[in-house]
2 protein chains.
Amino acid sequence: MPDSKPKFRRESPEQRRVQLIEATLRVIARKGVSAATVREISAEAGVAFSLIRHHFNTKEDLMYAAYAYHMRKMAQASLAAATDMGRPLKDRIRQCIRDTLSPPVTDGAALQVWAGFIQMVPHDARMKQIHMETYLGFRDALEPLIIEAQAAQKQPAEPALVEQKAIACNAVLDGLWLEGSMLPDMLPTEQLIAVAEFAIFAILGPIDLD
Amino acid sequence: MPDSKPKFRRESPEQRRVQLIEATLRVIARKGVSAATVREISAEAGVAFSLIRHHFNTKEDLMYAAYAYHMRKMAQASLAAATDMGRPLKDRIRQCIRDTLSPPVTDGAALQVWAGFIQMVPHDARMKQIHMETYLGFRDALEPLIIEAQAAQKQPAEPALVEQKAIACNAVLDGLWLEGSMLPDMLPTEQLIAVAEFAIFAILGPIDLD
DNA sequence: ATGCTTACTGCACATTTGTACAATAATGGG
DNA sequence: CCCATTATTGTACAAATGTGCAGTAAGCAT
């Protein structure tokens, strides 16, 4: 009975790549970037460590892929509610705040992964590119909300002011995300959300009509 | 003439420790944490690599020391103006904003160092301790300003509200510091400061009297 | 079934890492 | 001036890391 117990499963390159990427992120979240060696990652994924180099030209390539994957997932989880037209503006804003400042976005493991990658950004053009796309994507998703808010208050949406408010709101969320991820005991989710709503509506002005 | 050219200079342990710490920070800023090996650091400091273990029990100890040193320096540069009584409240706030969002605090190299250490925080009790002290130190320095601001507006300084405003202002500064350090071309210093003043005075309320 | 493609394994290798330790020499106190 | 102290060097070493490569076997096409 030769085929009774296959020694390994043969996956499509796409699936395997995703498996390896997710294993990488789990390892980084659990033990930090320095522990994310090819051997540790492949063990986490349950494959031979030499398989990594079959799907990625180099370990760095795996890191790029993992970074892009992680950032895209975070941005998506954070901003899903922004474009959900049909809900009142204020609801959408509050939902984005909540999604951004709750797990799994605001989370020690996610911060862990993010911080590990951040230190590559200044030294690496590809990382910098990925970061800029993510940052601008976030801000671009925020601006329509600001413009709507201006309209709701019957005020003109001057581009300079809209940009300023977008940067400010982004900063509030970034800062709270940071501290909330780092010190969850000191800054529980609900408090983070309360502070964010307070600050963001102070910046945007009152939005009571819809 | 045997003594004409000494092979090395003998320093006091305190001075040498500081030299090694600063060399560590320079290496991390220039090449990232993974490049901060004992050999690289000692080369930067101009000493034999085995000297590190004479002044620090382990490489980890050097890292702790470097982290504490870096954070203390940043906090000091950021908050020097906060306690400078004799200047009007609004001036002090604006000076803190400027100091926080200008080099050398808001700066790619400083972020680099910070991010490198941050990823150690969740895995390491001593790192977490250092981070918490720094964070609380910052907030504690901010709260008196908020209380003064409440008083200037003839409003009671309810502890819960003061804490909320302190967290919010901290978040604004953290977030802008982050993005300004990472993307200096996109967010130049003066724009960062303008956004911060806008957001923080929106949170605190108008402070026109002193 | 059979064969072909290629996903996958296993092992070896050079390099780099933190650490250990004995030898050396700078410097202050006598 | 000389000696004791100890800051500093030089070398050695085991462990770990990314990469290279030959061979194996899973699974689809025919």
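The values are calculated or read from the model by the stated rules, or taken from the named source; none is laboratory data. As the structure is a prediction and not an experimental result, all values here were calculated from the model. Virtual Cβ from ideal backbone geometry, glycine too; neighbours counted across all protein chains shown. Heavy atoms of the whole protein, side chains included, go into the accessibility calculation; ligands, DNA and RNA do not. Shrake-Rupley method; radii C 1.70, N 1.55, O 1.52, S 1.80 Å.
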- Message: Rounded to the nearest 100 Å², what is the buried accessible area between B and A, both sides summed, probe 1.4 Å?
- Response: 3800 Å²
- Query: Can you give the charge dipole size of the range B:33-189 about its Cα centre, rounded to the nearest 20 debye, using +1 on the beta carbon of Lys and Arg and -1 on the beta carbon of Asp and Glu?
  - Reply: 200 debye
- Query: Relative to the other copies, what are the label-point distances for residue A:125, with labels 7 Å from Cα along the C-beta vector, expressed in nm at one decimal and sorted shortest first?
  - Reply: 4.7
- Message: Over the protein assembly as shown, with the other protein chains present, what is the accessible area per residue in square angstrom, probe 1.4 angstrom?
- Response: 49 Å²
- Task: Please report the orientation-averaged projected area of the range B:128-210, defined via the convex hull of its C-alpha atoms, in nm².
- Result: 6.2 nm²
- Task: Sort out for me the Cα centre separation of the range B:176-210 from the range A:148-179, rounded to whole Å.
- Result: 12 Å
- Note on the structure: Here the tail fraction of P(r) beyond 23 Å, over all Cα-Cα pairs of the range A:1-154, rounds in percent to 49 percent
- Message: So the label point sits 7 Å from Cα along the Cα-to-Cβ vector; using that for residue A:77, what distances do you get to the other copies, in nanometres, sorted shortest first?
- Response: 3.3
- Task: Round to the nearest 10 and report in Å² the accessible area of residue A:102, as given by a 1.4 Å probe over the protein chains' heavy atoms.
- Result: 20 Å²
- Message: Highest mean first, how do A:55-66, A:115-126, B:141-152, B:76-87 rank when packing is the count of other Cβ atoms within 10 Å averaged over residues?
- Response: A:115-126, B:141-152, A:55-66, B:76-87
- State the percentage of accessible surface on the range B:66-204 attributable to carbon and sulfur atoms; use a 1.4 Å probe and exclude ligands, DNA and RNA. 57 percent
- Message: With unit charges on the beta carbons (Lys and Arg positive, Asp and Glu negative) and the dipole taken about the Cα centre of the protein assembly as shown, which residue among A:100, B:48, A:207 sits farthest to the positive side?
- Response: B:48
- State the percent of C-alpha pairs, over all pairs in the range B:10-56, separated by a distance greater than 15 angstrom. 34 percent
- the range A:72-204: proportion of alpha-carbon pairs further apart than 25 angstrom, %: 26 percent
- Work out which residues of the range B:158-172 lose at minimum 40 square angstrom of accessible surface when the other protein chains are put back, relative to the chain isolated, with a 1.4 angstrom probe, and list them by number. B:164, B:167, B:171
- Take peptide B:179-185, look around each residue's Cβ out to 10 angstrom, count Cβ atoms belonging to other protein chains, and average those counts. 4
- Would you tell me which residue of chain A has the beta carbon closest to the rotation axis bringing chain A onto chain B, and how many whole Å away it is? A:175, 2
- Determine the gain in length on full extension of the stretch residue B:72-residue B:186; use 0.36 nm per residue of separation and subtract their C-alpha separation, reporting nm with one decimal. 38.3 nm
- So, with points 7 Å from each Cα along the Cβ direction, the residue B:147-residue A:26 label distance in nm works out to 5.0 nm
- Query: In angstroms, what radius of gyration and Dmax does the protein assembly as shown have, counting Cα atoms only?
  - Reply: 24.0, 90
- Query: Can you give the mean number of other chain Cβ atoms that lie within 10 Å of the Cβ atoms in peptide A:189-199?
  - Reply: 3
- Rounded to 0.05, the calculated FRET efficiency for the beta carbons of residue A:39 and residue B:133 at R₀ = 30 Å is 0.25
